Amino acid sequence: MASGEAVPAAGHRPGRVGPFLRSQMRNIAPFLTLILLTAFFAFASPSFATLDNFGNILTQVSVTGIIAVGLTFVILCAEIDLSVAAIANVTGIAVAYFTLQESYVNIANVPMPGWAAILLALALCALLGLVNAFGLTVIGIPSFIMTLAMMQIAAGISALLVRGQIAYKVPPLVSTLGSTSIGGIPWIVIVAALMLLGGHLVLTYTRFGRYVYMVGGNREAAEYAGLNVKLILGSVMVISAVCAGIGGMLGVAHFGSAQQNEFDTYLLDSIAAVVVGGTSLFGGRGGIGNTIVGLFVLGVLNNGLDHVNIDSFLKILIRGLILLAALVINVYAQRLRERAAD
Amino acid sequence: MPQDRSPVLELAGITKSFGGVEALRGVDFALYAGEIHGLVGENGAGKSTLMKIIAGLHPEFSGRFLVDGQETRFRSARDAHAAGIAMVHQELSVAPDLTVAENVFLGNQPTNRLGIVQWRRMAREAGEQLARFGIDVNPMSRLGDLPIGQQQLIEIARVLFSGARIIVLDEPTSALSPPEVERLFATLQRLRDEGTGIVFISHFIEDILRVSDTVTVFRNGRKVAESVAAATTKGALIEAMIGRGGEALEHSYTDDLMLPTSNGGSVVLKAEQLSLARSLREVSFETRSGEVLGIYGFMGCGQQELSRILFGKLTPDSGTLSVDGRPRRFASTADARRAGVALVPESRRAMLFHQEPVYKNISISILERISALLLKPAREREIAKRQVQQLQIRPPVVGLDLGMLSGGNQQKVALAKWLSYPPRLLVLCEPTRGMDVGAKNDVINIVRDLRQRGLAIIVLSTEPETVLSLSDRILVLRRGAVVREFSNEPVSKDRLLAAA
Ligand SMILES: Nc1ncnc2c1ncn2[C@@H]1O[C@H](COP(=O)(O)OP(=O)(O)OP(=O)(O)O)[C@@H](O)[C@H]1O
Ligand SMILES: [Mg+2]
């Protein structure tokens, strides 16, 4: 990067990345990580870099991707939503609860037409999102705590609905979108792609999207600009819950069953996807593009580790270490950016 | 003047650019022990940039840098600190979530042999230091809860008592009341007599002349003048700063000024019996369209709280507000904005998005007007360009991140965001803080123009000059109560100070 700075003989300049590169670190680093991981696994295993396997990866990250759309909004506002996996779970269970199950399924469920089941499930997740929003903006509970409580509440509703049983049937629309393909492309991948695209368009091209970035960038300044900060924060909590709910319904169809604790790993995965992609935990920086890169990093990592021959217990540790490295980069990139700006 | 000795700090041929913008071009600067060196120059002239180089915050620059005659390069603020250099930044750089005591001892907290922080000792010593400086606060209170002026004082105290032998103060007095400024100057003079080298930046040229031994003038990234303070005048300095025959721009307001008779516009805002905890007591007033109401008082007199109430950020304990005759209860700042109220607060950090470009900072409050659902960035930029031209914001690039502007130019951006769709009532807190002489004059003209267009304007300031230069009518606030109103009568700086 030529910075246009005169370099006289007396002055010495340490060789450093230019300010532009430094400020872009947050976008570049995750991308490099992705390329390195892909190259590594392609080299380590012949079965990794195939078209089939690429399709696998896409399918594997779809549910996480749908949940991560809403979470991106939340994290851009410098808040957090720890209840996404639990809300996904309860929404998936609810949609099955309102569907007629086979006679051997021992759940006191309330069968309804497919559309009604879907609407009720959506209403449930939206309601839980509203409760999060209320706690955060009206009562003033930090989102970390509020959604921690919501995580437990949603898990509790799930438990009451299924009572330790497993339900299998979901409305036809849901099972089509969750478990079938069109032209060789799984519907769930298409839904995830469309939701990611939608999230991107909202964040980049709408007034609401701008407000999300501004509230995340400097909440006090947003308030002094006369923005309705509480409304914006409340909205992102609801968006997050609804995205989680949609992910949950399709996930249930995808897995073929609805049961307690089915989505537990998705909390970490969806937060990791957003943050690994480079969206700042301090708010205001990043976006859906980053989340997509983060999803691929995670997808390649999870999938690739299955293709190489290592101790499966070691894999868990490796995953953790790579996530840690990505988080370190996230925080470090923030600092570099601040330095570049001062 | 201690010119016979060699300087403690010497910079030669300093050049620094940001991207393509040259902030400093071949600047020479020398500071002696036992000297107060005043630095003046227009907004964006490069004062802060040079000081940041001295404090190790801009490690990349070209030119020679000598401390005690030794060629040196600081890699970081820590290096500068180790060399005995401390700085008070133009932007407050305190830690709002820590206690007052922690802030005073930031970076060198007293610890016992086990490395455990000695809280009690820290609180006691912090209290003593602050008391010496005339600040009476509980050292264990959270710093962010204090008014901004006190935060500034505490930051200054930290630096002054850090034991540094070279001290840089970048516009330290912008939020201080006259008695506090006096105390600061007394302390500076004592430190100077003890052999400390001090650089003092300010847009208050009288202050610079009074307290400095040497004065240096910057213009457009170059040093254009340096002289012994006693041998120069305000007029000469202003002329060196901005080139025009500048004296006319700066009134001293020592003589009486006649406030105009009321123009009888319609009442825009009526505040009745506003009270807020310990800050405000039964404050009532009204403002009319086409009138500028000045509210003057020392720091902590309740101005800040009053402005927040008018903008819906604070809810009064009792009292009522009405806008255009309709009673209003603002539940949020968004409510207030919709009712036609706009506020420019005194703290830049609180009102601007440093990581966002200038045009987004300007358009944020008017997005509703220019876009229903989808953004129109081209239109935003166009509006921003117009404001940037009108207010002469430098550099005139609306796509630049706000953090890259000089302090005074940031202040102008904060004002700009309300000007494209003027509100009914504009509340300005310290509107000229940190602005150079020319820019202050621009603000005066803008405010007059807005008044002409029928806005009601409230100017709250702790600087008598600001209030006097802008207002048609002046209220004086003391300890949360209105103690005097000047209208249709002569007023001067002395009368104002006496009333407060
Ligand atoms: N981090 C940065 N990136 C890009 N440009 C910068 C940066 N910091 C300062 N500048 C530019 O350098 C120039 C000098 O700025 P500086 O802050 O030194 O001005 P100043 O004399 O302190 O002005 P003020 O009185 O307004 O505080 C300005 O044009 C400013 O826009
Ligand atoms: Mg400055």
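Among beta bridges identified by DSSP and lying wholly in the protein assembly as shown, the antiparallel ones come to about 55 percent. Using the alpha carbons alone, the radius of gyration of chain B stands to its Kirkwood radius in an Rg to Rh ratio of 0.97.
Give the carbon-plus-sulfur fraction of the accessible surface of region B:356-422 in %, rounded to a whole number; probe 1.4 Å, heavy atoms of protein chains only. Of the solvent-accessible surface of region B:356-422, carbon and sulfur hold 53 percent. Of the trypsin sites (Lys or Arg not before Pro) found in region B:315-415, those in coil by DSSP whose Cβ has at most 14 other Cβ atoms within 10 Å are B:329. Pairwise Cα separations in chain A fall into 20 Å bins from 0 onward with the following percentages, short to long: 29, 54, 15, 2, 0. Under the criterion of Cα pairs below 8 Å and six or more residues apart, the relative contact order for region B:9-248 equals 28 percent. Between amide H atoms placed 1.01 Å from N, distances below 5 Å from residue B:18 occur with B:23, all of them 5 or more places distant or on a separate chain.
Mind checking the angle between helix B:148-160 and chain B's longest principal axis? C-alpha axes, 0 to 90 degrees, to the nearest 10. So the helix axis and the longest Cα principal axis differ by about 0 degrees.
Across chain B, Cα pairs under 8 Å and at least six residues apart give a relative contact order of 17 percent.
Placing +1 on the Cβ of every Lys and Arg and -1 on the Cβ of every Asp and Glu, with no other charges, gives the protein assembly as shown a dipole of roughly 880 debye about its Cα centre. Taking 1.567 mPa s as the viscosity and 4 °C as the temperature, the Stokes-Einstein diffusion coefficient of the protein assembly as shown based on its alpha-carbon Kirkwood radius rounds to 43 µm²/s.
Take the accessible area of A alone and of B alone, subtract that of the pair with a 1.4 Å probe, and the total buried over both chains is about 3500 Å². Sequence-distant contacts, meaning Cα pairs under 8 Å at least 6 residues apart, place the relative contact order of region B:356-422 at 47 percent.
Note on chain A: helix-only mean residue ellipticity at 222 nm, from DSSP H runs of 4+ residues weighted -39500 (n - 2.57) and normalised by residue number, equals -24000 deg cm²/dmol. Computed from Cα atoms, the angle from the helix A:114-133 axis to the main principal axis of chain A rounds to 50 degrees. Working note: 222 nm ellipticity from helices only, DSSP H runs with n ≥ 4, each -39,500 (n - 2.57), summed and divided by the residues of chain B, gives -9000 deg cm²/dmol to the nearest 500.
In degrees, nearest 10, range 0 to 90: what is the angle between the Cα axis of helix A:207-217 and the longest Cα principal axis of chain A? That helix lies at roughly 60 degrees to the long axis.
Looking only at chymotrypsin sites (Phe, Trp or Tyr not before Pro) in DSSP loops with at most 15 other Cβ atoms within 10 Å, what is the longest site-free stretch of chain A? For chymotrypsin sites (Phe, Trp or Tyr not before Pro) (loop position, at most 15 other Cβ atoms within 10 Å), the longest site-free span of chain A is A:105-281. Under the combined filter of DSSP loop state and at most 13 neighbouring Cβ atoms within 10 Å, region B:154-241 retains these GluC sites (Glu not before Pro): B:194.
The values are calculated or read from the model by the stated rules, or taken from the named source; none is laboratory data. This is a predicted model, so every value here is computed, not measured. Reconstructed Cβ throughout: ideal geometry from the backbone, glycine too, with neighbour counts over all protein chains shown. Surface areas here come from the heavy atoms of the whole protein model, side chains and all, with no ligands, DNA or RNA. Shrake-Rupley method; radii C 1.70, N 1.55, O 1.52, S 1.80 Å.
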